[in-house]
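Here's the structure, in structure tokens; my notes come after.
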Amino acid sequence: MQTGLKHLHSGMAYLVIAGLAFVFIYALIGALSNRQFTDKDRKFGLIGFIPAHIQLLVGIITYFVSPLGFSNMSSGNAMADSMSRLYALEHPLMNIIAIVLITVGYSRAKKLTESRARFRSLYMFYGIALIMIIARIPWSAWLG
């Protein structure tokens with residue numbers, strides 16, 4: 001089960017990164033071209049929103065099942081080793097903050113009235129979240 005969750009979590013990361021990058025570029029173009037923000041644009045925001053939240057759920061389950069996650073925190077050595085700290089603290093915490101930013105950006109885009117501000121909410125919050133997610137991916141395990 002743990003191996004399957006790890007593969008699902010790693011595979012979903014590609015979808016999350018692609019979805020956030022797509023929405024970031026789409027919203028940036030929308031803001032720069034002064035288009036009207038329509039219901040279709042709001043639905044495009046879901047391309048980054050939904051996979052990110054599914055990834056969060058899979059990640060939380062993986063965190064409690066994996067020996068690199070929560071159980072690693074109780075060993076007492078997690079903060080001394082950089083890889084242990086990444087898996088046990090930095091990766092989960094930064095990604096939870098990124099998901100919160102995605103949620104705030106999408107919610108603001110729904111509530112604002114000016115089209116340019118709605119697009120700006122999407123590209124700014126999704127862009128920051130994308131950078132945070134990419135910064136805390138365990139690249140050595142992901143690419144190796």
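Where in region 100-121 is the amide nitrogen less than 17 Å from a point lying 7 Å along the Cα-to-Cβ axis of ILE50? Counting only backbone N, you get 103, 106-107. Of all lysines in the structure, those lying under 24 Å Cα to Cα from LYS110, and not within fewer than 8 positions of it along the same chain, are LYS40, LYS43.
When the Gaussian network model of the chain links Cα atoms closer than 10 Å, the mean-square fluctuations of ILE50, ILE102, ILE133 top out at ILE50.
Charge tally for GLN36 (other residues, Cβ to Cβ under 13 Å; Lys, Arg +1; Asp, Glu -1): +2. Springs between Cα atoms under 10 Å define the GNM used for the chain, and in it the highest mean-square fluctuation of MET12, MET79, MET124 occurs at MET79. Going through [x] 15.2, 48; [y] 16.8, 54; [z] 14.2, 44, the figure that equals Rg and Dmax of the Cα atoms in Å as computed for the structure here is [y]. Under a Gaussian network description of the chain, with springs only between Cα atoms under 10 Å, the residue in TYR14, TYR126, TYR26 that fluctuates furthest is TYR14.
Residues of region 53-95 with an amide N closer than 16 Å to a point placed 7 Å from the Cα of ALA21 along the Cα-to-Cβ direction: none.
The modelled label-to-label distance for the pair ALA80/LEU8, using points 7 Å beyond Cα in the direction of Cβ, is 3.5 nm. Backbone phi angles across region 112-124, fed through the Karplus curve with coefficients 6.51, -1.76 and 1.60 (θ = phi - 60°), yield HN-Hα couplings of 5, 9, 7, 4, 4, 5, 5, 4, 4, 4, 5, 6, 6 Hz in residue order; Gly and Pro are listed as x.
Only Lys, Arg, Asp and Glu carry charge here, each on its Cβ (+1 for the first two, -1 for the last two); on that basis region 72-122 has a dipole of about 520 debye about its Cα centre.
Values in this text are rule-based calculations from the coordinates and carry no lab data. Quick caveat: nothing in here was measured; it's all calculated off a predicted structure. A quick note on method: Cβ atoms are made from the backbone with ideal geometry, for glycine too, and the neighbour counts reach across all protein chains shown.
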